[in-house]
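What follows is a single structure, written as structure tokens, with notes after it.
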Amino acid sequence: MNERRRRVIVTLIALAVSAGVLGYLAFGGIGENLVYYWSPTELKASGEQAVGASIRLGGLVQPGSIERDPDGLKLRFSVTDGVESVRVAAETVPPAMFREGIGVVVEGTLRTDGWFETHRLMVKHDNEYAAPGEGQELDMKELMKSMQFDESDA
Amino acid sequence: MSEMAMPEGVIAGGWSYVLSAYGITAVVFIGYAWSLLRRRAAVSDGEEPK
Amino acid sequence: MKRFRWDAAVGLLGLALLLVGSYLGLFEAPAERHMGDVQRIMYVHVPTAWNAMLVLTAAFIFAIASVWTGKPKWDAVMTGATEAGVVMGALLIAQGMIWARPTWGIWWDWDVRLTTTLIMVILYAGILVLRSFVEDSDRRATWSAVAVIIGYVDVPLVYFCVRWWRSLHQIQSTPETVSSAMIVPLRINSFAILFIAIWFVAQRARLELARRRAEEVAPPPRRDRRQAEETNP
């Protein structure tokens, strides 16, 4: 009986610790310290603070904003969240999927002149997998959902 | 959209990645299965390992 | 003596399904409109992910049963499910890195999905390593079950983190966001890897029970016990 009770107590304690840690991570507001990338709006709102620090900026590639150097080494485009946009200067070869309207996360620094300089350009695609000819058209509002700007504003 | 000559944003080829991913899956599954059978055979508990 | 082994039948069925599903995924399913052929990695990566989380969920349930009842069979299946989870989790990360390079442009980044998945693999691998150091079988069962229960926190985190926080990894697809032509190989390989995982868990559980029987037949040498006492006075 004593052994039985000990086993029950150990099980319950382990479950309580498990549930407690998960609850804390889910609802404890740790997300605020865990921002993987900034939106253009957040970056602009932070003003001078963001200049010079190594950060990540996320958003969609603004249609019509892509400029490439003839030599192919420099790439310029705007990252937008639908409200604000930030001009990005990338000195890197972009992934093959890089295109207008696709989600990107760029790692780098904000310059005083408002340009964001990056050497690490990552494509963040959405959860849609379509055969050629299928799938939705370029709808920035719909595509913006994949950037999760609302979810992370907790 | 834009009149610029843009790459269409499509990955061309890439079969080497596909084969690597399927290959590593096969290697891990076969390797782990082999390890399970070998470890079982190494235990002498009086019962015949099948 | 030949007798019917249900787990061998399940494992072979899984293997056959994996060959069929992979054939359909590699050669019959359409290329993705942007990812092209690289998207075919999905047919092994996603089933591996689902089943890795599934076996670790099973390990969590077996761990509760083990510490609650103290029966060796629960400890054995818990060990099997944990080890299968580690193997499949490590495979999952490798597949993911191979898929990330051509699509995202990088092999790895410390986003929340990738990080929690790596933590998951290291955590459960650590539990298995620590487990192997405990000599007393009852104590070994209790402590590893408690560790598996507490460590399980990370598994729902792996699943939900992409919904809760911003990440490089996209959120879960749904049947509405995946072309119907891609669904069949995905489903077949999901069951295939599930069956293979069941075979892994069953084999590892049998191994654990066999080791336990062997320990009872021939207890470990005294030298090890003395060493254990010295390090743990």
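For the range A:106-130, enumerate the residues that are within 18 Å of residue A:50 (Cβ to Cβ) and either among the aliphatic types (A, V, I, L, M) or assigned to a strand (DSSP E or B) (or both).
The answer is A:106, A:107, A:108, A:109, A:110, A:116, A:117, A:118, A:119, A:120.
Here is a yes/no grid of residues against (1) part of a helix (DSSP H, G or I); (2) surrounded by 13 or more Cβ atoms within 10 Å (Cβ to Cβ):
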{"residue": "A:13", "(1), (2)": "yes, yes"}
{"residue": "A:26", "(1), (2)": "yes, yes"}
{"residue": "A:42", "(1), (2)": "yes, yes"}
{"residue": "A:49", "(1), (2)": "yes, no"}
{"residue": "A:53", "(1), (2)": "no, no"}
{"residue": "A:65", "(1), (2)": "no, yes"}
{"residue": "A:70", "(1), (2)": "no, no"}
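Looking at the range C:24-35 only, could you name the residues that are in a helix (DSSP H, G or I) and either in contact with a Pro (Cβ under 8 Å, 6 or more places away or on another chain) or crowded, with 17+ Cβ neighbours inside 10 Å (or both)? So that I can check it myself, show each step before the final result.
Quick first cut of the range C:24-35, residues in a helix (DSSP H, G or I) only: C:24-28.
Passing the criteria: C:24, C:25, C:26, C:28.
Can you report the number of residues in the range C:120-158 which are in contact (Cβ under 8 Å) with a residue 60 or more places away in the chain and either in contact with a Cys (Cβ under 6 Å, 6 or more places away or on another chain) or surrounded by fewer than 18 Cβ atoms within 10 Å (Cβ to Cβ) (or both)?
Qualifying residue count, the range C:120-158: 3.
Scan the range C:64-76 and tell me whether some residue there is within 11 Å of another protein chain (Cβ to nearest Cβ), open to solvent by less than 20 Å² (accessible area, probe 1.4 Å) and over 24 Å from residue C:143 (Cβ atoms).
no
Take the range A:72-105 and flag every residue that is farther than 18 Å from residue A:45 by Cα, in a strand (DSSP E or B) and touching a helix residue (DSSP H, G or I) at 6+ places or on another chain (Cβ under 7 Å).
Residue satisfying the conditions is A:103 alone.
Yes or no, residue by residue, for (1) in contact with a strand residue (DSSP E or B) (Cβ under 7 Å, 6 or more places away or on another chain); (2) modelled with pLDDT of 95 or more; (3) within 18 Å of residue C:46 (Cβ to Cβ); (4) not in a loop (DSSP other than H, G, I, E, B):
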{"site": "C:138", "(1), (2), (3), (4)": "no, no, no, yes"}
{"site": "C:146", "(1), (2), (3), (4)": "no, yes, no, yes"}
{"site": "C:158", "(1), (2), (3), (4)": "no, yes, yes, yes"}
{"site": "C:174", "(1), (2), (3), (4)": "no, no, yes, no"}
{"site": "C:189", "(1), (2), (3), (4)": "no, yes, yes, yes"}
{"site": "C:197", "(1), (2), (3), (4)": "no, yes, yes, yes"}
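Tally up the residues in the range B:7-29 that are outside any helix (DSSP H, G or I) and surrounded by fewer than 18 Cβ atoms within 10 Å (Cβ to Cβ), please.
Here is the first cut: in the range B:7-29, the residues outside any helix (DSSP H, G or I) are B:7-14.
Next, from what is left, pick out any that are surrounded by fewer than 18 Cβ atoms within 10 Å (Cβ to Cβ): B:7-8, B:10, B:12-13.
Count: 5.
Among C:61, C:93, which is the only one that is open to solvent by 10 Å² or more (accessible area, probe 1.4 Å), within 14 Å of chain B (Cβ to nearest Cβ) and either in a helix (DSSP H, G or I) or among the basic types (Lys, Arg) (or both)?
C:93
Quick check on the range A:131-154: of everything there that is closer than 23 Å to residue A:64 by Cβ and without any contact (Cβ under 8 Å) to a residue 60 or more places away in the chain, which residue is least open to solvent (accessible area, probe 1.4 Å)?
This residue is A:146.
With respect to residue C:47, determine if the residue is over 28 Å from residue C:149 (Cα atoms) and either at pLDDT 95 or above or in contact with a strand residue (DSSP E or B) (Cβ under 8 Å, 6 or more places away or on another chain) (or both).
Spelling it out, it is not the case that residue C:47 is over 28 Å from residue C:149 (Cα atoms) and either at pLDDT 95 or above or in contact with a strand residue (DSSP E or B) (Cβ under 8 Å, 6 or more places away or on another chain) (or both).
Got a number for residues in the range C:1-27 being within 12 Å of another protein chain (Cβ to nearest Cβ) and either modelled with pLDDT of 95 or more or more than 24 Å from the chain's Cα centre (by Cα) (or both)?
16
The values are calculated or read from the model by the stated rules, or taken from the named source; none is laboratory data. All of these numbers come straight from a predicted model, not from anything done at the bench. Cβ: placed from backbone, ideal geometry, glycine included. Neighbour counts: every protein chain shown. Surface accessibility is based on the protein's heavy atoms, side chains included, excluding ligands, DNA and RNA. Shrake-Rupley method; radii C 1.70, N 1.55, O 1.52, S 1.80 Å.
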